[in-house]
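Asks: Please see the structure below; I have some questions.
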Amino acid sequence: TLNTSLLFGIMYDSNVNSSSDSKTFDIYSPVLDTNITVDNNSKEQSATIFQVAAPILHRYRISDDFILNTTIVPLFMKYNNFKEKDLHVLSLNVSPTVYKSDYSYSLGVLYDLVYSGHEKYQSNYYLNPSYKKILSEDLLYTTSLKLGKVNYTGEKERSSNHYSFLNSLRYSSEQFGIFNFSLFLGKELRLYTERTDVSREFYSLSFQNSYNIFDDSILRTSISYKKTDYLDDDINYQSKRENK
């Protein structure tokens with residue numbers, strides 16, 4: 001079987017360069033062993049981003065309980081007035097999957113090719129073993145590992161090894177639709193010593209609901225939270241960075 005779809009999106013970014021609101025900030029100087037005050041002249045710039053994706057899903061039945069699942073996803077993001085930020089992505093996922101009466105398991109091989117500003121940016125590959133188990137007629141449990149390498153083309157010092165672990169529980173309710181709860185844990189460790197903004201640990205929590213409003217209409221609602229802790233002291237600020 002072969003399925004495909006075409007997705008369009010428009011996003012607005014009020015601060016496309018992530019400039020700071022602070023007009024001055026301090027940077028630590030190892031030579032002087034003190035902080036130096038630096039003027040910040042950057043200004044906020046906005047951008048509209050047009051996004052197109054065309055996922056292609058192919059399922060090939062090798063036997064009654066053995067299926068080869070292949071997914072190809074081309075993604076394009078176009079920034080108005082910021083051509084250097086345009087993004088072109090091609091993702092490939094090949095997953096031989098074994099299906100049993102109440103569980104399934106697979107071993108996915110993933111590859112991502114990323115172009116940023118029309119220049120080759122990343123070439124990433126992963127192994128993704130996964131296991132799904134039907135706990136009851138209403139509950140489905142999924143767990144998976146993702147192990148791989150993130151390769152930057154022009155900035156190889158940003159390259160890292162990737163390790164992540166996913167747990168999710170899906171619950172089906174006749175009255176309230178389908179609920180999905182997920183916990184995602186991960187770590188990326190730098191391959192080179194030049195940068196302090198690569199090695200990090202992160203986790204995310206997410207909740208999703210799909211509800212049938214009418215026979216032919218579904219309302220999807222989702223909320224998520226992610227926290228990232230960097231493992232090394234930032235060379236400029238002499239402190240560990242965290243993102244929320």
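No lab work stands behind these numbers, since they all come straight from the coordinates. Bear in mind that the values here come from a model prediction, so they are computed numbers and not experimental data.
Asks: What is the distance in Å between the Cα centroid of the stretch 55-90 and that of the stretch 135-165?
Replies: 17
Asks: Convert each backbone phi in the stretch 167-181 into a coupling constant with the Karplus relation 6.51 cos²θ - 1.76 cosθ + 1.60 (shift: θ = phi - 60°), then list the ³J(HN,Hα) values in order as whole Hz, x for Gly and Pro.
Replies: Taking θ as phi minus 60°, the curve returns 10, 9, 10, 10, 10, 10, 10, 5, 8, 10, x, 9, 10, 9, 10 Hz for the stretch 167-181.
Asks: Quick one: Cα convex hull volume of the chain, Å³ per residue?
Replies: Values: hull volume 40.5 nm³, N = 244.
Measuring per residue, one finds 166 Å³ for the Cα hull of the chain.
Asks: Right, next: Under 8 Å for C-alpha pairs, at least 6 residues apart: give me the relative contact order for the stretch 3-92, rounded to a whole percent.
Replies: On the way: 166 pairs, mean separation 24.2, N = 90.
The value is 27 percent.
Asks: Relative contact order of the stretch 1-54, please, whole-number percent, based on alpha carbon pairs below 8 angstrom and at least 6 residues apart. Before the final figure, lay out the partial values.
Replies: On the way: 76 pairs, mean separation 28.0, N = 54.
About 52 percent, as a whole number.
Asks: Please report the relative contact order for the chain, taking Cα pairs under 8 Å with a sequence separation of at least 6, and give it as a percent rounded to a whole number. Intermediate results must be reported in sequence, preceding the final value.
Replies: Numbers: 613 pairs, mean separation 24.6, N = 244.
RCO, the chain: 10 percent.
Asks: To continue, here is another question. Using the Karplus equation 6.51 cos²θ - 1.76 cosθ + 1.60 (θ = phi - 60°), what ³J(HN,Hα) coupling, rounded to whole Hz, does each residue of the stretch 127-140 give in order, writing x for Gly and Pro?
Replies: 10, 9, x, 9, 9, 10, 9, 7, 7, 7, 5, 10, 10, 10
Asks: Could you give me the ³J(HN,Hα) list for the stretch 101-108, computed from phi with Karplus coefficients 6.51, -1.76, 1.60 and θ = phi - 60°, whole Hz, x at Gly and Pro?
Replies: Taking θ as phi minus 60°, the curve returns 4, 10, 7, 8, 9, 8, 10, x Hz for the stretch 101-108.
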